[in-house]
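S.K.: What follows is a single structure, and I will ask about it in a moment.
The values are calculated or read from the model by the stated rules, or taken from the named source; none is laboratory data. Just so it is clear, the structure is predicted and the values come from calculations on it, not from any experiment. Every residue, glycine as well, gets a Cβ built from its backbone with ideal geometry; the counts of neighbours run over all protein chains shown. The area values use the complete protein model at the heavy-atom level, side chains included, leaving out ligands, DNA and RNA. Shrake-Rupley method; radii C 1.70, N 1.55, O 1.52, S 1.80 Å.
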Amino acid sequence: MTLSRIAPALFVLLWSTGWVAAKYANLFADPLTFLSLRYGVAVVLFYLVCRFYGVTWPRSRMAITHAIVSGMFLHGLYLGMLWWAIGQGVPAALSGIIAGLQPLMTGLAAAYLIGERLSLAQRLGLFLGFAGIAIAVLPKVFSIDADAIPAYAVAVNVLGMACVTAGTIYQKRFLREGDLRAVATLQYVGALIVTVPAALLLEDLHIEWGIGLFATLVWSVVGISMGAIALLLYLIRRGDVSKAASLIYLVPPLAAVEAAIAFGEKLTLPMIIGTGVVVAGVYLTNRKPVAPVA
């Protein structure tokens, strides 16, 4: 069982827990404040890992800059906007359908910006994945009181989704080389450049110190910021960004299952059907083409 085989499934499993972690984190701290704390701890731990293993750091200023800028988009702007929007009243269901646009945008952008070619089956897979998300989530979206949702918060959520698309393309185009552990360290420095000023400007820096906070922080850093992100960077580097992005489709359905276990939220029939469609879409996007018969 090689890393290349288990990396996609492991990434989806780890990344999906971010929705549950976010819900717990809101009990103990303001969203941007918690993210700043999370990124700060991630920088320290990644730096210690790099020192322990004698990792070679990027030697050119341009390589360092590319790593920092990609981190500003992938972590600082994306998660910062997402968590802030949810804190302003955007329901998780609506946020999930917005996030479902990201693989579609990435697939389209990758074709024009870095020359990735998508087969008909891969294009169908991307659209099926989004359709599955829509089937699973739209019933909840339609039940939401639209007047109670701030339009500016929805706009920020959409902008955050665009930022992660830009960050993924940027990562693939400008960070083709270098140790991923060093790249990840610099990316979280970039994330701090975004989230710390935003937290100082928009929040009261509220934190309730205790076991609950530390438990949520440990998992958010070790399981998500280090484990899931390292796997995502690995998947982006070794394959097409469209394929890596399509895995995001699997996150909302899996997060719904985890929320049902952790918080007692109900699993509906549309969620189950939508999940099946999502799995089919991701399979079409990621399957290897059949070799021609000699």
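S.K.: Does any residue of segment 166-189 turn out to be assigned to a helix (DSSP H, G or I), in contact with a His (Cβ under 8 Å, 6 or more places away or on another chain) and hydroxyl-bearing (Ser, Thr, Tyr)?
M.R.: yes
S.K.: Identify all residues within segment 11-43 that are of a type in the set (D, E, K, R) and over 20 Å from residue 187 (Cα atoms); write none if there are none.
M.R.: 23, 30
S.K.: Check segment 135-153 and report whether any residue there is in a helix (DSSP H, G or I), within 25 Å of residue 190 (Cβ to Cβ), within 19 Å of the chain's Cα centre (by Cα) and at pLDDT 70 or above.
M.R.: Checked segment 135-153: at least one residue is in a helix (DSSP H, G or I), within 25 Å of residue 190 (Cβ to Cβ), within 19 Å of the chain's Cα centre (by Cα) and at pLDDT 70 or above.
S.K.: Now a separate question. Being of a type in the set (Val, Ile, Thr) and not in a loop (DSSP other than H, G, I, E, B) is the filter here, so list the residues in segment 80-90 that pass it.
M.R.: Within segment 80-90, 86 is the sole residue that qualifies.
S.K.: Kindly evaluate residue 225 against the criterion of being open to solvent by 30 Å² or more (accessible area, probe 1.4 Å), modelled with pLDDT under 90 and either of a type in the set (S, T, N, Q) or in contact with an Asp or Glu (Cβ under 7 Å, 6 or more places away or on another chain) (or both).
M.R.: It is false that residue 225 is open to solvent by 30 Å² or more (accessible area, probe 1.4 Å), modelled with pLDDT under 90 and either of a type in the set (S, T, N, Q) or in contact with an Asp or Glu (Cβ under 7 Å, 6 or more places away or on another chain) (or both).
S.K.: Could you check segment 14-30 and list, in sequence order, the residues that are among the aliphatic types (A, V, I, L, M) and surrounded by 18 or more Cβ atoms within 10 Å (Cβ to Cβ)?
M.R.: Here is the first cut: in segment 14-30, the ones among the aliphatic types (A, V, I, L, M) are 14, 20-22, 25, 27, 29.
Within segment 14-30, 14, 21, 22, 25, 29 meet the criteria.
Table: residues versus (1) open to solvent by 40 Å² or more (accessible area, probe 1.4 Å); (2) under 15 Å from the mean Cα position of the chain (by Cα); (3) within 30 Å of residue 279 (Cβ to Cβ).
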| residue | (1), (2), (3) |
| --- | --- |
| 32 | no, no, no |
| 35 | no, yes, no |
| 43 | no, no, no |
| 46 | no, no, no |
| 60 | yes, no, no |
| 64 | yes, no, no |
| 74 | no, yes, yes |
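S.K.: Within segment 167-205, restricting attention to residues that are of a type in the set (S, T, N, Q) and closer than 20 Å to residue 231 by Cβ, which residue is farthest from the chain's Cα centre (by Cα)?
M.R.: Going through the qualifying residues, I end up with 185.
S.K.: Determine which single condition residue 290 fails, assuming it passes every other condition in (1) outside any loop (DSSP other than H, G, I, E, B); (2) at pLDDT below 70.
M.R.: Failing condition for residue 290: (1).
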